[in-house]
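The values are calculated or read from the model by the stated rules, or taken from the named source; none is laboratory data. These figures come from a predicted structure and were not determined experimentally. Every residue, glycine as well, gets a Cβ built from its backbone with ideal geometry; the counts of neighbours run over all protein chains shown. What goes into the accessible areas is simple: the full protein's heavy atoms, side chains included, and nothing from ligands, DNA or RNA. Shrake-Rupley method; radii C 1.70, N 1.55, O 1.52, S 1.80 Å.
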Amino acid sequence: MKQPRILVIQDISASCRISMNVAVPILSCLENWVSILPTALLSTHTGKGFEEYTFLDLSTEIPAILNHWHSLGIKFDGIVIGYLGSVEQIKLMKSLITKFATEEALIILDPVMGDHGQLYPGYTQEHVEAMRELCQFADVLIPNVTEACLLTGIPYPEKPHTKESIKAIIEQLTKNAKQSMILSGVIQDESKVGTAFVAKGSTEVSYAFSKAYPGHFDGVGDLFTSVIAGFLFQNKGLKRANEVAVNYISRVVKRTIEEQINPLYGIAFEKDLMYLMKELKKKL
């Protein structure tokens with residue numbers, strides 16, 4: 001198999017194990033050739049625990065980068081899109097996909113907008129509308145439950161999530177879509193968390209769960225999307241990608257707790273990269 005040339009589009013939170021800082025090593029260890037297009041440069045992430053962080057919007061630099069790439073004839077076999085800091089950046093993605101994706105490219109979108117039933121600070125309904133349009137350009141869509149509700153207009157369901165409530169969200173998401181759908185952060189009960197997913201062209205909802213741990217862990221969504229993308233770019237199936245991703249997240253969260261690592265800066269993901277590499281090579 002030819003090594004896929006992949007473009008990762010999201011922010012760099014310079015001192016934290018989230019966003020670009022986890023996407024590049026995970027995608028690389030899964031045998032993908034990785035290029036990056038940073039959307040913003042931050043001193044830390046913007047979640048609870050950090051104040052007075054720096055934020056440099058890279059919107060004005062992106063067109064110059066893309067013009068240079070276009071002059072070189074660069075094309076990508078896969079694109080994975082994460083944090084986009086403005087409505088303008090969201091809208092730019094549509095032309096970027098058209099210009100820089102090969103005909104067979106796989107486009108994976110994590111529509112980063114919110115969590116726990118709320119939009120992230122700085123996000124508005126205008127962002128939601130723009131993201132809804134961008135979703136039409138994705139082959140694989142990976143929202144969390146909050147983002148799926150924002151995209152569909154369905155009220156955020158109470159936890160634990162019932163199969164009926166999750167199925168209703170997915171049915172609305174896939175109503176007019178011709179793409180695979182992965183809903184992350186599905187809480188089965190206090191002990192299990194995972195995903196609900198449906199393959200392109202199917203109506204059957206499948207699930208993958210692993211052990212849940214108490215607490216809040218920034219960067220889990222970025223890790224999850226990176227593992228899913230890494231496996232799909234290597235032509236692994238949707239079911240396999242979800243199973244490995246949820247198990248990997250459980251492993252690294254457990255390690256972070258056991259080694260008493262402050263999760264404020266992200267999850268201790270590095271020591272379990274070998275697990276991903278072994279799973280990629282496993283013959284099933």
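Test of understanding: given the chain, find the longest segment containing no GluC sites (Glu not before Pro) that are in a DSSP loop and have at most 16 other Cβ atoms within 10 Å.
The reported range is 62-157.
Please list Ser210, Ser43 in order of solvent-accessible area, largest first, computed with a 1.4 Å probe with all protein chains present.
I get Ser43, Ser210, largest accessible area first.
Provide Thr98, Thr146 ordered by accessible surface of protein heavy atoms (probe 1.4 Å), highest first.
Ranked from most to least accessible, the order is Thr98, Thr146.
Which value results for Rg/Rh of segment 102-209 when Rg is the Cα radius of gyration and Rh the Kirkwood radius based on the inverse mean 1/r?
Value, to two decimals: 0.95.
Could you report the accessible area of Thr152 in Å², rounded to 10, computed with a 1.4 Å probe on the protein chains as they sit in the structure?
30 Å²
Between Ala101 and residues 5 or more places away or on another chain, which pairs have amide H atoms under 5 Å apart, with H built 1.01 Å from N, and which residues are they?
Phe76
Which helices pass in the chain if a helix is a full DSSP H run, must span at least 18 angstrom along its long axis by Cα, and must have mean Kyte-Doolittle hydropathy not below -1.0?
The qualifying helices are 87-100, 220-233, 238-258.
Of all DSSP beta bridges in the chain, what percent run antiparallel (nearest 5)?
45 percent
What are the residues whose amide H is under 5 Å from the amide H of Leu106, where those residues sit 5 or more places off or on another chain and H is modelled from the backbone?
Under 5 Å from the amide H of Leu106: Gly78, Ile79.
For segment 205-264, what are Rg and Dmax over the alpha carbons, in angstrom?
When restricted to the Cα atoms of segment 205-264, Rg and Dmax are 12.4, 36 Å.
Would you work out the charge dipole size for the chain about its Cα centre, treating the Cβ of every Lys and Arg as +1 and the Cβ of every Asp and Glu as -1, and quote it to the nearest 20 debye?
1120 debye
Just the number: Rg to Rh for the chain, Cα atoms, Kirkwood Rh, two decimals.
My calculation of the ratio gives 0.93.
Given the pairs Lys200/Lys236; Lys75/Lys271; Lys2/Lys236, which span a C-alpha to C-alpha distance of over 24 angstrom in this model?
Long pairs (Cα-Cα over 24 Å): Lys75/Lys271.
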